[in-house]
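Read-outs: derived from the displayed coordinates by stated rules, not from any lab. In this text the structure is predicted, and so the values were computed from the model without any measurement. No Cβ is skipped: glycine too gets one built from the backbone with ideal geometry, and neighbour counts run over all protein chains shown.
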Amino acid sequence: MKKNTKRWFIQSVVGLLLTGAGLSICIHAGTLKLEGSEWFWIGTLGLVIFQAGLSLVIDGVRYR
């Protein structure tokens with residue numbers, strides 16, 4: 001039981017960190033777009049990181 005709680009905690013924390021980082025990267029890509037700089041790949045990377053974070057948080061519920 002304790003092993004599942006530890007896995008839930010680690011997986012949820014990492015998922016929340018990735019979700020926040022992904023959103024920050026997407027916002028940064030939006031500011032780059034307004035400046036006229038290259039933004040597409042940075043925005044795509046931000047969305048991938050955001051989705052990975054959500055997946056980890058949602059999957060962590062299984063171990064709660």
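Descriptive notes on the structure:
- Of all residues in segment 26-48, those that are in contact (Cβ under 8 Å) with a residue 12 or more places away in the chain have Cβ atoms under 8 Å from Cβ atoms of residues that are among the charged types (D, E, K, R), 6 or more apart or on another chain, in Gly43/Lys33.
- Subset of segment 24-48 [of a type in the set (D, E, K, R) and either assigned to a helix (DSSP H, G or I) or surrounded by 15 or more Cβ atoms within 10 Å (Cβ to Cβ) (or both)]: Lys33, Glu35
- Here Thr5 fulfils each of the conditions (1) under 18 Å from the mean Cα position of the chain (by Cα); (2) in contact (Cβ under 8 Å) with a residue 24 or more places away in the chain apart from (1).
- Here segment 12-33 is the region considered, the condition is being more than 9 Å from Gly53 (Cα to Cα) and polar (S, T, N, Q), and the residue that is farthest from the chain's Cα centre (by Cα) is Thr31.
- Within this structure, Trp39 passes the test of being aromatic (Phe, Trp, Tyr) and out of contact with any Gly (no Cβ under 6 Å at 6 or more places or on another chain).
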